[in-house]
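Colleague: Take this structure first; my questions come after.
Readers should treat all values here as calculations from the given coordinates under stated rules, not as data from a laboratory. As the structure is a prediction and not an experimental result, all values here were calculated from the model. Virtual Cβ from ideal backbone geometry, glycine too; neighbours counted across all protein chains shown.
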Amino acid sequence: MFFTKKKVFIMIIICFIIFIFTYEDVKSEEIKEISGFAKIIDGDTIKINSKKIRLHGIDAPEKKQTCKKPYLTIGIFSFTKNYLCGQVSTNKLTKKINNQIIKCKIKDVDRYSRLIGECYKRNQNLNSWLVANGYAVAYRKYSKKYVSDEISAKNEKLGIWQGKFEMPWNFRKKN
């Protein structure tokens, strides 16, 4: 059987139409929401039911990342000390979740096959809570949703904003 240009073109169109109709079926099987008891991986990643979930639109200091905060101020002189701000972020999220059921609305999947989501304890958005309390920053590269929370935390000098720190994405690049 000979394939003419017309037959090949028709077969391509048929395949394309089949793909369009079946793509929505595949897409509808994606996880849209997940809930359960969360294991805290770090300040912006949790695990529920063996699924890793990266918190959407935020970036917390890495576990081994250090930041500086003032511990003594005398007149115009201020003395700072290093602390593990990444560990603090992880601990604060652990304490906030406090072995409660967490619900995450899944938005996407990242290049590391982690689910990307907004997670809630009851009705409180944990992504927003982390940024508003200075335990994470708004990850503007992916979302502008938490910028106002970051500005508020910065103005009130909460969490990492009380001292000096390197943005988590810059820390990752160097380390």
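Colleague: Report the FRET efficiency, 1/(1 + (r/R0)^6), for LYS7 and LYS68, where r is their Cβ-Cβ distance and R0 is 45 Å, rounded to 0.05.
Modeller: Given R0 = 45 Å and the Cβ-Cβ separation, E is 0.05.
Colleague: Then there is this: If I stretch the segment between THR80 and LYS95 completely, what's the gain in nm (0.36 nm per residue apart, minus their alpha carbon distance), one decimal?
Modeller: Gain in length upon complete extension: 2.8 nm.
Colleague: For the pair ASP108 and LEU158, what calculated FRET efficiency results from E = 1/(1 + (r/R0)^6), where r is the Cβ-Cβ distance and R0 = 30 Å, to the nearest 0.05?
Modeller: 0.60
Colleague: Would you please give the FRET efficiency between LYS39 and ASN123, computed as 1/(1 + (r/R0)^6) with r the Cβ-Cβ distance and R0 = 25 Å, to the nearest 0.05?
Modeller: Efficiency, rounded to the nearest 0.05: 0.70.
Colleague: Pull out a ≥ b ≥ c, the square roots of the eigenvalues of the alpha-carbon gyration tensor of the range 109-154, then state rounded if a/c is under 1.5, prolate if not and a/b is larger than b/c, and oblate in the remaining case.
Modeller: oblate
Colleague: Helix-only estimate, please: 222 nm mean residue ellipticity of the chain, summing -39500 (n - 2.57) across DSSP H runs of length 4 or more and dividing by its residues, to the nearest 500.
Modeller: -10500 deg cm²/dmol
Colleague: Please name whichever of THR90, SER152, TRP129 sits farthest to the positive end of the charge dipole of the range 33-174, dipole taken about the Cα centre and charges placed at Cβ: Lys and Arg +1, Asp and Glu -1.
Modeller: Projecting each Cα onto the dipole axis, the largest value belongs to THR90.
Colleague: Please identify the DSSP H helices in the chain that span no less than 15 Å along the helix axis (Cα) and have a mean Kyte-Doolittle hydropathy of 1.0 or more.
Modeller: Membrane-span-like by this rule: 5-28.
Colleague: Charges at C-beta only: +1 for Lys and Arg, -1 for Asp and Glu. How large is the resulting dipole of the range 23-175 about its Cα centre, in Debye rounded to 20?
Modeller: 500 debye
Colleague: Check ILE116: other-chain or 5+ apart residues with amide H under 5 Å from its amide H, H built from backbone geometry?
Modeller: ARG54, LYS107, ASP108, VAL109, ASP110
Colleague: May I ask you to give the average projected area over all directions of the convex hull of the Cα atoms of the range 33-174, in nm² rounded to one decimal?
Modeller: Over every viewing direction, the Cα hull of the range 33-174 projects on average to 8.9 nm².
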